[in-house]
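Take a look at the structure below.
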Amino acid sequence: MRVGISLTSRHVGTDPRQAARFMIERAAAARTSGLDSLFVGDHHCTPAPYYQNVPMMGRLLAEWDDKPAGCLFLLPLWNPVLVAEQIGTLAAIAKGRFIMQCGLGADEAQFLSMGANIKQRPSAFEEALDTIRRLSAGETVTSSGRFVFENAHVAPRPAEPLEVWIGASARPAIDRAARLGDGWLASPSLTLDEARIQAALYTQRCTVYKRTPTAVAIRRDIYVADSKADAEATLKAAIAAGYRGFDSTALVSGTTDEVARSFGDLAAMGYTDVIVRHLTNDQPKVLASLARLAEVRKAVAQ
């Protein structure tokens, strides 16, 4: 099993420059710990500060090595030509392979703020994904569908074929991920039973479409503690704050051995990648957890 990280991009009540430095320090710590991939997410017009993916990833790549890196794009909210251009530039900066994570997006207020129609999400998603792939492969593309443009082409383009992971939870979305994606990214909110059911469904749909995924990934929000007491206190604080409305059993907080066992349970279900995010935003605790995550990665990579 591979262990990557999706850095927290939402930072509440923190000086904007300090929060940006936090993300840079975490990317460097993830590299030092030997993590297998680096990602950032995508949200727009948020009530709290949220660092946008493309400029932030451009800076983070200076701290990263030649392992895969990428951004999540909520495709219905973006002009696909712009996405292809941004990916081409980021892939040129990256020393390793660039992975595009993508999804439909939610929250009607976000769609309204971005001038997008939430009712057209599935068709806009599929059209945008097809356009981005074609442009990234060197084609010139004209469209008169959800997105309207003529004779678009992009340069630079990724040196390797663009790898696409599709985030999905609902059955139709998981089917779409199997049909269209190279890999799948499961929701961080899934309980173990839900994670098992969805992994089996995705695998079954890949078989139907005769596709072999490059990744069966799940995000897990975690904390690797130096003691059971530290783990319990951190988890208790996250739950008391109503951590993102998640079921508490979807959260992972424990010692190195305990977190490794939790990841091993996911590997047994067929997951190839765990993409972590931290339960706490306390910078010293996050950096210490990342240092201990190196041992977790070694344990599950065997």
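Derivation of every value follows stated rules applied to the coordinates shown; laboratory data play no part. The structure displayed is predicted, hence computed values, not measured ones. All Cβ positions, even for glycine, are placed from backbone atoms using ideal geometry, and neighbour counts span all protein chains on display.
Which aspartates and glutamates have a Cα less than 15 Å from the Cα of residue 210, not counting those fewer than 8 places away in the same chain? Correct list for residue 210: 175, 182.
Contact order, relative form, for the chain: 19 percent (alpha carbon pairs under 8 Å, 6 or more residues apart, mean separation divided by residue count). Counting every other Cβ atom within 10 Å of each residue's Cβ, 2, 219 order from fewest to most as 2, 219.
Calculated FRET efficiency, residue 283 and residue 109, Cβ-Cβ r, R0 25 Å, to nearest 0.05? The pair residue 283/residue 109 has a calculated efficiency of 0.25. Straight Cα distances below 24 angstrom link residue 236 to the lysines 228, 285, with same-chain residues fewer than 8 positions distant left out. Suppose R0 equals 22 Å; then what is the FRET efficiency for residue 89 and residue 32 from their Cβ-Cβ distance, rounded to the nearest 0.05? Result of the calculation: an efficiency of 0.25. By the count of neighbouring beta-carbon atoms within 10 Å, fewest first, 278, 153, 11 end up ordered 153, 11, 278. Computed over the alpha-carbon atoms, the range 58-171 gives an Rg to Rh ratio of 0.98, Rh here being the Kirkwood radius from the mean inverse distance. Please give the Cα centre distance for the range 114-160 versus the range 10-60, rounded to the nearest Å. If you average the Cα positions of each part, the centres end up 26 Å apart.
Positive-end ranking of 222, 140, 212 along the dipole of the chain, with charges on Cβ about the Cα centre, is headed by 212. For the pair residue 240 and residue 149 in one chain, pulling the backbone fully straight at 0.36 nm per residue adds 27.9 nm over the alpha carbon distance.
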